[in-house]
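Asker: Quick one: structure below, then a few questions.
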Amino acid sequence: MTVNLDPRTPALAGVGADSRSREVVLDVRNLKVYYSTPTGNVRAVDDVSFKVYQGEILGLVGESGCGKTTTAMAILRMVQPPGQIVGGQILLDDTDLAPMSERELRDVRWNALSLIPQGAMNSLNPIMRIKNQIGEAIEAHEGKQPKAKLKERIFNLFTLVGLPSRIYDMYPHELSGGMKQRVCIAMAIVLHPSLIIADEPTSALDVVVQRVVGQTLLDVKQRLGVSMILIGHDMGLQAQLVDRLAVMYAGHMVEVAPVANVFAEPMHPYTQLLIDSIPSIKQRKPLKLTEGLTHDLRNPPPGCIFQGRCPKVMEVCRSVKPLLTEYKLDHQVACHLYE
Amino acid sequence: MTTSAQTVPAGDKIQPRKKSKLNRWDSPWLNGKFIAGVLMIGSIMMLGVVGPLFWDLTLSYPASSPLNLPPVFVPGYGQTAEQIAADKPQTETTTTSSVTGGNPFKKQEAAKPSAGTAGSLVRFGTPTWAHPLGTESNGRDMLAVLLVGAPRSLYIGLIAATIGMFVGIILGFTAGYMGGWVDAVIRTISDSIVVIPSLAVLIVIAAYVRTVSIESLALLLALFAWPGPTRLIRAQVLSMRERGYVQMARISGASAFSIMFKEMMPNMLPYLAASYTGNVSGAILAAASLEALGLGPTRIPTLGMTIFYAIRAAAVLRGMWWWWGIPIIALIIVFSGLFLMTTGLDEIANPRLRGRKAAA
Amino acid sequence: MGGLTWGYLLKRLGMWLLTILIGTTIIFLIPRLAPGDPVAAMVGRMSAQSGFVENSAQIIEAWRTKFGLDKPLWEQYVRYMGNSLRFDLGYSLASFPSRVDKMVLNALPWTVGLLLVATLISFVLGNTIGALMAWERTPRLLKSLLPVTLTFTSIPFFMLGILLIYVFAFGLKWLPPSGAYGRNLVQGINWPFISSVGYHAILPIMAIVIASMGLWALGMRGMMITTSGEDYMILAEAKGLRPSRVFWLYGVRNSILPQVTALALNLGAIVAGSLLVEYIFALPGVGYLLYQGIVTSDYTLIQGIVFILIFVTATLVLILDLTYPLIDPRITYERG
């Protein structure tokens, strides 16, 4: 059964401009993740806050190294040493994940919070059959299940994401890239978690397969009403898939707004540059090279983090850090331009 | 509305790690294991250089010293005649083996005094400083044997491994670089030789060609030393062939030779070095094994042959531990040193094996 | 389960055959490359050993015809190959008229037994220790075990055997210094015999296990570290699986594959080592028989034994090669 979803369907349908009336699934407050190195602490995530509402896809974008994957790993509490969560709260369904023990986390993981990893190529255990990999996720959290029920459940999952039932007994290496990624999606939704973090799920795929996987994600969201964080750096793809967009730069959150608003009226200079740099078939535009230096993440300058590359930088930007403020309805930005 | 702090408040500091400044002492070549290994091997080599200067090496020949003297530092030797007389002879314990087939040991064991308590060790002479590490039943001084034999063992291993590595480099590069049927032939042959237990074949050869010199022994060992390096180098060349810098060199018209030696070799050095030390170890082991079976050079004292004589004279069960113990300790030092060097070089070649502290 | 295909099977069988052929050819060539007439040399050495050989002229003639030494080289080769592959290995020179194949057959079970038991224990133990070393949750006490096992790795099996005999048989007198079983025992399936065999087997097996364990441990630890960096480990943790499950099913199971390859590659060395162990402990195996052959210049025995050794080793490697696809479903006909 194929997934048939017109990609031009506005992803905003049903969300509306007033997302604040919806339930909050994830509330990240003042998250700080630092990596300690011999020459100082790298501030990978520096005081980041955002919310994810019920039933929406929040896109998390930014260039490589801006801290989006680290944020995702921090939410999962899977930051690897020498990285460490130094401060902040991670409220999933009103429970703070930050101080939890490993044992408590194991209950939360996959049950309430799941992951669609970046490289599906290698994310499946090569020596386990697909049925067992999905099955173990179920049994780890719900206890031993009768084989027939398990099989039925997994087949339903396959239908949901558009996978043929013959892959049930196969090994990962027998599947194509797109199939593997959809297996990961299926695995992520099997326990109906409150939040799914999709870490660049289409980056490693070719364009055609990207579309299929993207459609699957949307379909899953529509049918099951799961909330998602979709991490990526392809603005075009984000535009098609997400409801709200959160833009990160060098460990800071710079702009958060519904996706249409961000594209129509980007407020932060960085966002403007990002959108400008999307190649367009319709018009020829010169490549805008951003000038100035990116700073060393160990020694951020006082004031705004973007001062080195901002075309609209002002005096105040060099000394005072801008706070993420809601200047327009449901549109937050951290920039002195709007004060 | 969210706020963001302008400075990092004190409570947000992570437990600081030991502040270590990156400096030249962090060079990967200064690997602890590697250096320890080098020191061990170096000291064995020093024995060969320094030894002749202060000790008379002719004492390593048979019948040059009093027989069966224990080393100087062993207590409880040299008892008086009364004590010797008072010592009751031990009944023969079940030291003789009960085994099917002819046991050449049996005839000799029956004639020797039985092993057991320290009292029976008195039958050996009084230790003296003239022979600080003792002597054995053929009249060789153990210190002299050590000073002659230990460097010799190293020498054999180095020659065999060098030849093996040399052949391996040639064949490995050829196979990896040229591919096709050349590669298939070389790979198939080296793969099948690796499986053959080399010691067995070496035994056959040595059994037929009884008079072996050190050099011919080394050559023999080299026969089985080349498949290992060949496989390794071939694998490395294959993985490097498609790398960017190699293709650049090809495009700019560099000859195959210059690509091999200027582009690929430098990147393979730690792997090559690790393989080399591993081969030296293997060659020395093969030589020692052949000698322990009695197939080694007979005129020149080597550690393996010493062990052979010791076994043949049932030195283990007579308690003459210095006879076989000293060669064994020397060989353990050699093997351990080479092993440390190999492991150290492995870590130098593959930073991930160094553990967490290298990850930063 | 697994991807055992006909192509793979044929390829492995081909290698098996090639190894045996190359090995046998080498053995064939050696006596003929050695200076002098091999048969006369054999008899010459025999007489040097035992004084005078009866009917030396007849023996030489019999050997000549039997082995076709009067025929051209290639014909000898064919004959030799044919004989060897049918396990017709001739008569022992020193224990004439015993047949080499009979002698080897009597000795082989001891060798194979020692080899299999010791290698299995060493492999399992070594890899388990190595895997535990790489796991953070292993208590620190157990982690100090690795350097200890490693110190023994550098010692060749037979030297460790000598040390063990000295300590346990000579010094502490807990275990017998040599032999495979006590005197006056009847071979067969009876308890006194079997228990005696077990008792005598302890030291030889210890020698091999202790000296080879460290290598497996080190390799396994390295592999576990490599495996822990793989993407599927991240997903496994994110799934909230029990740490023990992640350790065994994701970590160990994936790390063991290269270790099996390493086992196949090292088998030649392990066999050689256990030969010497048999020699030291006077176990009635093929290694000890080989030593006796060396001492008595029993060339046919030596050659026959070496042929059998090559055969056994190649066969064990073949078995390992064939089990590999069963544990790693990705392997079909292409390997490494």
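The numbers here are math on the coordinates, done by the rules we state, and not lab data. For clarity, every value in this text was computed on a predicted model and none was experimentally measured. Using ideal geometry, Cβ is built from the backbone for each residue, glycine included, and neighbour counts are taken over all protein chains shown.
Asker: Kindly write out, for the stretch A:207-222 in residue order, the coupling ³J(HN,Hα) from the Karplus curve 6.51 cos²θ - 1.76 cosθ + 1.60 (θ = phi - 60°), rounded to whole Hz, with x marking Gly and Pro.
Answerer: In residue order, the calculated couplings are 4, 5, 5, 4, 4, 4, 5, x, 4, 4, 4, 4, 4, 4, 5, 5 Hz.
Asker: Starting from the amide H of residue A:25, placed 1.01 Å from N in the peptide plane, find each other amide H under 5 Å away whose residue is 5 or more places distant or on another chain.
Answerer: A:52, A:53, A:54
Asker: Then there is this: For residue A:197, what residues show an amide H to amide H distance below 5 Å, using hydrogens built from the backbone and excluding near sequence neighbours?
Answerer: Here A:114, A:115, A:116, A:229 satisfy the definition.
Asker: Based on Cβ point charges of +1 for Lys and Arg and -1 for Asp and Glu, what charge dipole magnitude is obtained for chain C about its Cα centre, in debye rounded to the nearest 20? Please list the in-between numbers first.
Answerer: Values: 23 positive and 16 negative charges, 132 e Å.
That gives chain C a dipole magnitude of about 640 debye.
Asker: Identify all aspartates and glutamates with a Cα-Cα distance to residue A:149 below 14 Å; exclude those on the same chain that are fewer than 8 residues away in sequence.
Answerer: Reachable aspartates and glutamates: A:136, A:139.
Asker: Shielding by partners for B:182-190, please: the mean number of other protein chain Cβ atoms within 10 Å of each residue's Cβ.
Answerer: Across B:182-190, the average partner-chain Cβ count within 10 Å equals 1.
Asker: Now for a different question. Can you pull the one-decimal nm distance between simple spin-label points at residue C:330 and residue C:58, each 7 Å off the Cα toward Cβ?
Answerer: The two pseudo-label positions are separated by 6.7 nm.
Asker: Could you run the Debye sum over the Cα atoms of the stretch A:174-274, one equal point scatterer each and no solvent, and tell me log10 of I(q)/I(0) at q = 0.20 Å⁻¹, two decimals?
Answerer: -1.05
Asker: For each of A:141, A:192, A:252, count neighbouring Cβ atoms within 10 Å of the residue's Cβ, then give the residues from fewest to most. If you can, show how the numbers build up before the last one.
Answerer: On the way: A:141 19, A:192 11, A:252 25.
Listed from fewest to most nearby Cβ atoms, that is A:192, A:141, A:252.
Asker: Over 29 Å between Cα atoms, which of A:32/C:239; A:32/A:328; A:221/A:282; C:11/C:102; A:180/A:221; A:144/A:180 qualify?
Answerer: Details: A:32/C:239 24 Å; A:32/A:328 26 Å; A:221/A:282 31 Å; C:11/C:102 32 Å; A:180/A:221 19 Å; A:144/A:180 25 Å.
Beyond 29 Å between Cα atoms: A:221/A:282; C:11/C:102.
Asker: Starting from the Cα of residue C:173, draw a straight line to each of the aspartates and glutamates and keep only those under 14 Å, dropping any in the same chain fewer than 8 residues away.
Answerer: Reachable aspartates and glutamates: B:92.
Asker: Another question, if that's okay. Specify the residue with the greatest mean-square fluctuation among A:236, A:135, A:59, computed from a Gaussian network of chain A linking alpha-carbon atoms under 10 Å apart.
Answerer: Most flexible of the set in this elastic network: A:236.
Asker: What average count of beta carbons from other chains do you get within 10 Å of the Cβ of residues in C:262-274? Spell out each step's value before the answer.
Answerer: Numbers: counts 0, 0, 2, 6, 1, 3, 10, 7, 1, 6, 10, 4, 1.
Average neighbour count from other chains, rounded to a whole number: 4.
Asker: Evaluate the Debye formula for chain A with equal point scatterers sitting on the alpha carbons, no solvent, and hand back log10 of I(q)/I(0) at q = 0.08 Å⁻¹, in q order, two decimals.
Answerer: Taken in order of the listed q values, log10 I(q)/I(0) reads -0.39.
Asker: Which of A:36, B:336, C:274, B:255 has the fewest other C-beta atoms within 10 Å, and how do the rest follow up to the most? Walk me through the numbers on the way to the answer.
Answerer: Values: A:36 18, B:336 21, C:274 28, B:255 10.
Fewest-to-most ranking of A:36, B:336, C:274, B:255: B:255, A:36, B:336, C:274.
Asker: Net charge within 15 Å of residue B:243 by Cβ-Cβ distance, Lys/Arg positive one each and Asp/Glu negative one each, not counting residue B:243 itself?
Answerer: On the way: positive: B:241, B:250, B:262; negative: B:242, B:263.
In short, +1.
Asker: Here's another thing I want to ask about it. Taking θ as phi - 60°, what are the ³J(HN,Hα) couplings along the stretch A:183-191 by the Karplus curve (6.51, -1.76, 1.60), each to the nearest whole Hz, with x for Gly and Pro?
Answerer: 4, 4, 5, 4, 4, 5, 9, 4, 9
Asker: Kirkwood Rh over alpha-carbon pairs of the stretch B:196-309, then Stokes-Einstein at 4 °C and 1.567 mPa s: what D in µm² s⁻¹, rounded to an integer?
Answerer: Approximately 79 µm²/s, per Stokes-Einstein.
Asker: Given the options A:186, A:67, A:40, identify the residue whose Cα lies farthest towards the positive end of the charge dipole of chain A (+1 on Cβ of Lys, Arg; -1 on Cβ of Asp, Glu).
Answerer: A:186
Asker: Where nothing but the Cβ of Lys and Arg (+1) and of Asp and Glu (-1) is charged, how large is the charge dipole of the stretch A:95-158 around its Cα centre, in debye to the nearest 20? If you can, show how the numbers build up before the last one.
Answerer: Working: 10 positive and 8 negative charges, 90 e Å.
It works out to roughly 440 debye.
Asker: Compare A:33, A:313, A:45 in a GNM of chain A, Cα atoms joined below 10 Å, and give the one with the largest fluctuation.
Answerer: A:313
Asker: Counting only residues 5 or more places away or on other chains, whose amide H sits under 5 Å from the amide H of residue B:295 once H atoms are built in the peptide plane?
Answerer: So residue B:295 has HN proximity to no qualifying residue.
Asker: While we're looking at this one, here's another question. Can you give the longest run of chain C that contains no trypsin sites (Lys or Arg not before Pro) sitting in a DSSP loop with at most 14 other Cβ atoms inside 10 Å?
Answerer: Details: sites that count: C:86, C:137, C:173, C:183, C:335.
It works out to C:184-334.
Asker: Still on this model: How much of the DSSP beta bridge set in chain A is antiparallel, as a percent to the nearest 5? Please report the intermediate quantities before stating the final value.
Answerer: On the way: 32 of 51 bridges.
The antiparallel fraction comes to roughly 65 percent.
Asker: Mind listing the phi-derived Karplus ³J(HN,Hα) values for the stretch B:305-315, rounded to whole Hz, using 6.51, -1.76 and 1.60 with θ = phi - 60°, and x for any glycine or proline?
Answerer: Result, rounded to whole Hz: 5, 4, 4, 4, 4, 5, 5, 5, 9, 6, 4.
Asker: Taking the simple approach of a point 7 Å from Cα along Cα-to-Cβ for both residue C:143 and residue A:64, what is their distance in nm?
Answerer: Distance between label points: 3.3 nm.
Asker: From the mean inverse distance of alpha carbon pairs (Kirkwood) and the Cα radius of gyration, derive Rg over Rh for chain C. Please list the in-between numbers first.
Answerer: On the way: Rg = 24.1 Å, Rh = 22.9 Å.
Ratio value, two decimals: 1.05.
Asker: So, one more: From the P(r) of the stretch A:125-191, can you give the percent of Cα pairs sitting at distances over 14 Å?
Answerer: Values: 1164 of 2211 pairs.
So the pairs more than 14 Å apart make up 53 percent of the total in the stretch A:125-191.
Asker: Would you look at the GNM of chain C, springs on alpha carbons closer than 10 Å, and say which of C:229, C:23, C:130 moves the most?
Answerer: So, out of C:229, C:23, C:130, the one fluctuating most is C:229.
Asker: Any idea how far the Cα center of the stretch C:119-159 sits from the one of the stretch B:130-168, in Å?
Answerer: 30 Å
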